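The values are calculated or read from the model by the stated rules, or taken from the named source; none is laboratory data. Since we're looking at a predicted model, the values are computed, not measured. Please note: Cβ atoms are built from the backbone with ideal geometry, for glycine as well, and neighbour counts cover all protein chains shown.
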Amino acid sequence: MSAIDPKHVRAYGDTLNDGQIMLSFSLPVPFGEEAKEAARQLCRQMGLEAPQVYHAHDLGEGFTYLVVYARSPHTVDTTQLRVTKMATAQLGKDAIEALAAQKFTRRLRVLGACTGDDAHTVGIDAILNVKGYNGDKGLEAYHCLSVKNLGAQVTNERLLQEARAFQADVILVSQIVTQKDCHRSNLAALIDLAEADGVRQDVLFICGGPRLSHQVALELGFDAGFGAGTLPSQVAGFLVQQLPPR
Amino acid sequence: MSELVATFAPIPQGFGCPPLDLDSASVARARSLARQIAAEVQERLAGQSTLAIERTVLRLFGVTGATADGEPLANRVVMALHTAGLLTGGVARPFCRAMALTGLDAQALAEAVAADRVDLRAHADCLDVVPEVRAIGDALAQAGVARILARRHEREALIGKLGQGVQPLKYVIVASGNIHEDVVQARVAARQGADVIAVIRSTGQSLLDYVPEGVTTEGFGGTFATQANFALMRTALDEVGAELGRYIRLCNYASGLCMPEIAAMGALERLDMMLNDALYGILFRDINMQRTLCDQRVSRRISALAGLIINTGEDNYLTTADAVDAAHTVVASTLINEALARQAGLQTDQLGLGHAMEIDPLRPDALLLEIAHAALIRHLFPGAPLKYMPPTKHMTGNIWRGHVQDALFNFVGVLTGQGIQLLGMNTEAMHTPHIHDRYLALESAQLVFGGAMSLGTELRVEPGGKLEARARHVLTDAVVLLEEMAREGLMAGLARGHFAEIARSPTGGRGLDGVFVKDAAYWDPTADAITAALEALGQLPAAGEAQP
């Protein structure tokens, strides 16, 4: 195999620089040769070369499903990539407890909720419940944390009220439903409200959900964001390292 | 297999579940405890009604539509009495009395009340139901029941004429938010082999204390359940079903704060299945338990009358609790749901009791444990459709792995003789299904169901082996839990977090302000008409009758 050029990286199939890409999509075009040709033309417009339609299926009602392979001539300069990553180190539960014992004279108060219309508590429960996720204990299992989970469909107003009453150090917001980007507007509204109430600086705001990332969270005015597959210890480790001593 | 009575859908040759040697005394004990638990709840709540139940009375009277600002007339009429503290005798008496005195029909009267032209409070003081008023109420109630029965007979005739899918019925969801897009997606799914189309509701609808009106094109994570949307989808599925020569079932949700009202709308628009769980709203939507337990009874009586299948939501327990540790809670809850459902007049072939495949697939013997759980549920509820739910918790966004998990799920479903298979989507946990996700899921199901159709009646479980031991163990644990709940009562059990590791208080949650104690003069002619119709159909259990 020839040497990989990090300044000109192409997609990889089985030979360096072969640029192999696979796509699958449906078109509102009746099944037939026209549908396949439409798929090929669409791929060329995406900048792909030599599109091959390997599978086409008649979905009925004038729709066709297609599986296409093509070659992408485009390259990426991987020496110039800029991504937003969390600056904190990843720690295990024992190390987190030890660090917290040094830094804090009391337990940190963590308030969690699914906000807006979102009724999907799977994510927030996985992070907060003692049981945790994938063998990694949830925040309730940490001695250094005092956790309150408000559950589903909490309004931003109520979340901030509860945060005042609980004297929360950290607010965790889960958003799973993302249809028409409702999660973004809802999260941004929370930060606006916190700023209007003058509490933005007092509390660490963290959001999580399958379509969220640290970068998106920062864009929305949060202190951190966690995406799919996040373990509770990653969240606990972040907040214990990020919060100043108290 | 004698236990797979094909009363709701045909079963192919050889389809069934391998025999399982369960302790019959434990099975009998579990069922008797569940009946005891259900009876205690029923007795405690018999004296209560709710805003949703009163609105349902009006819906059955034929009241539809909303005010210019979108408030349904049913809400407006009920609230006119409730805010004045005059609802304890039920909505029917003052409403029918006003009809008698004004000469207006039900719809015209509701409109007049909404326009402040008639003040219902003036009709709430008379505590007697005079014969003239009684006659009006009884006639309206009987007309409502007749409309529901007409839709039931229509379904029976269509299934007789067109035929239908075989078990396991292939059930897929549509959830675009726009009913017109949903119709396209549903028609495509039917053409790809779907037997049941479920229109997922917009997130948050369960907490609305009214049913939105009209055709809707905006929703989040789903499409609003409205009577107009039901009617649009019904027409579309009837059309495509006629073309395909296969009756396509329509499913929605009679759940949340409008449980009985949506059951009535579904019955009137010939829906065939309803998500309808006695406990789900309490646990997962924090709806007050008195509210839901009252509402579920009325919703289930209507569904019993409509001849539709209810689906319960025990699968959800395993999304919050561990699927192995909490397997017995699913069994205990399905038994309680069954007992409550039978009290309401639902028959065996209407019990789509829910369970799920949610064990971490990387756990050793995960598949063996899933087969044990699925076979246990199958053997506990002979003849019931059973709704088997796909993996959701351990779906990762890796669509290829997800497709394999769903294929294994399809295998367990057909191997253990499940009646309704909610097909998993490889894009679970990513987005609501795309048009081809559904096609891929249906293709996988057809492949697996076809190939493994007769395995269930051919294979045998090793006596004394791991699988049998697991099933027996889960049943034993379920009996222990049921003993405890029978001792302390269902509401106390829910308060202690026995299900899904979620604790709820009898006076907490949403919707308690919509529960009231019925006074001595309470009158609901629709309840009487439904009871009479269910008795005529032989669907009500006789007092003290030992149920299967």
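Here are the numbers:
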{"read-out": "Hits in region B:204-213 - residues which are under 17 Å from the mean Cα position of the chain (by Cα) and either within 11 Å of chain A (Cβ to nearest Cβ) or assigned to a strand (DSSP E or B) (or both)", "value": "B:Gln205, B:Ser206, B:Leu207"}
{"read-out": "Residue identified as β-branched (Val, Ile, Thr), in contact (Cβ under 8 Å) with a residue 40 or more places away in the chain and within 20 Å of B:Ile282 (Cα to Cα) among B:Thr507, B:Thr526", "value": "B:Thr507"}
{"read-out": "Lone unmet requirement of (1) more than 14 Å from every other protein chain (Cβ to nearest Cβ); (2) part of a loop (DSSP other than H, G, I, E, B) for B:Ser505", "value": "(1)"}
{"read-out": "Number of the condition not met by B:Gln347 [criteria: (1) within 30 Å of B:Thr476 (Cβ to Cβ); (2) at pLDDT below 90]", "value": "(2)"}
{"read-out": "Selected residue [within 14 Å of chain B (Cβ to nearest Cβ), part of a strand (DSSP E or B) and surrounded by 13 or more Cβ atoms within 10 Å (Cβ to Cβ)] from A:Asp125, A:Asp117, A:Asp58", "value": "A:Asp58"}
{"read-out": "Residue list for region A:11-36, restricted to those being more than 14 Å from chain B (Cβ to nearest Cβ) and among the small types (Gly, Ala, Ser)", "value": "A:Ala11, A:Gly13, A:Gly19, A:Gly32"}
{"read-out": "Filter pass, B:Thr432 being more than 14 Å from chain A (Cβ to nearest Cβ), in contact (Cβ under 8 Å) with a residue 12 or more places away in the chain and closer than 30 Å to B:Gly307 by Cα", "value": "no"}
{"read-out": "Scope region B:110-147; condition surrounded by 14 or more Cβ atoms within 10 Å (Cβ to Cβ), hydrophobic (A, V, I, L, M, F, W, C) and touching a residue at least 40 places away in the same chain (Cβ under 8 Å); matching residues", "value": "B:Ala110, B:Val113, B:Ala114, B:Leu120, B:Ala124, B:Val129, B:Val133, B:Ile136, B:Leu140, B:Ala141, B:Ala143, B:Val145"}
{"read-out": "Hits in region A:146-179 - residues which are away from chain B (no Cβ under 11 Å), under 21 Å from A:Gly132 (Cβ atoms) and more than 19 Å from the chain's Cα centre (by Cα)", "value": "A:Ser146, A:Val147, A:Lys148, A:Ala168, A:Asp169"}
{"read-out": "Matching residues in region A:215-231 - criterion: being more than 14 Å from chain B (Cβ to nearest Cβ) and either over 25 Å from B:Thr396 (Cβ atoms) or surrounded by fewer than 19 Cβ atoms within 10 Å (Cβ to Cβ) (or both)", "value": "A:Gln215, A:Val216, A:Leu218, A:Glu219, A:Gly221, A:Asp223"}
{"read-out": "Qualifying residue in region B:95-116 (condition: among the small types (Gly, Ala, Ser) and under 19 Å from B:Ala267 (Cα atoms))", "value": "no"}
{"read-out": "Set B:Leu237, B:Leu283: member being surrounded by 23 or more Cβ atoms within 10 Å (Cβ to Cβ), part of a helix (DSSP H, G or I) and within 12 Å of chain A (Cβ to nearest Cβ)", "value": "B:Leu283"}
{"read-out": "Selected residue (only one of B:Gln42, B:Gln36 is more than 30 Å from B:Ala114 (Cα to Cα), polar (S, T, N, Q) and at pLDDT below 95)", "value": "B:Gln42"}
{"read-out": "Residue satisfying condition, being touching a Lys or Arg at 6+ places or on another chain (Cβ under 8 Å), in contact (Cβ under 8 Å) with a residue 12 or more places away in the chain and part of a helix (DSSP H, G or I), within set B:Leu22, B:Leu60, B:Leu81", "value": "B:Leu81"}
{"read-out": "Selection from region B:445-469 of residues that are out of contact with any Leu (no Cβ under 7 Å at 6 or more places or on another chain) and either closer than 19 Å to B:Asp195 by Cα or aliphatic (A, V, I, L, M) (or both)", "value": "B:Gln446, B:Leu447, B:Val448, B:Phe449, B:Gly450, B:Gly451, B:Met453, B:Leu459, B:Ala469"}
{"read-out": "Residue check, B:Thr319 touching a residue at least 40 places away in the same chain (Cβ under 8 Å), part of a helix (DSSP H, G or I), of a type in the set (Val, Ile, Thr) and more than 14 Å from chain A (Cβ to nearest Cβ)", "value": "no"}
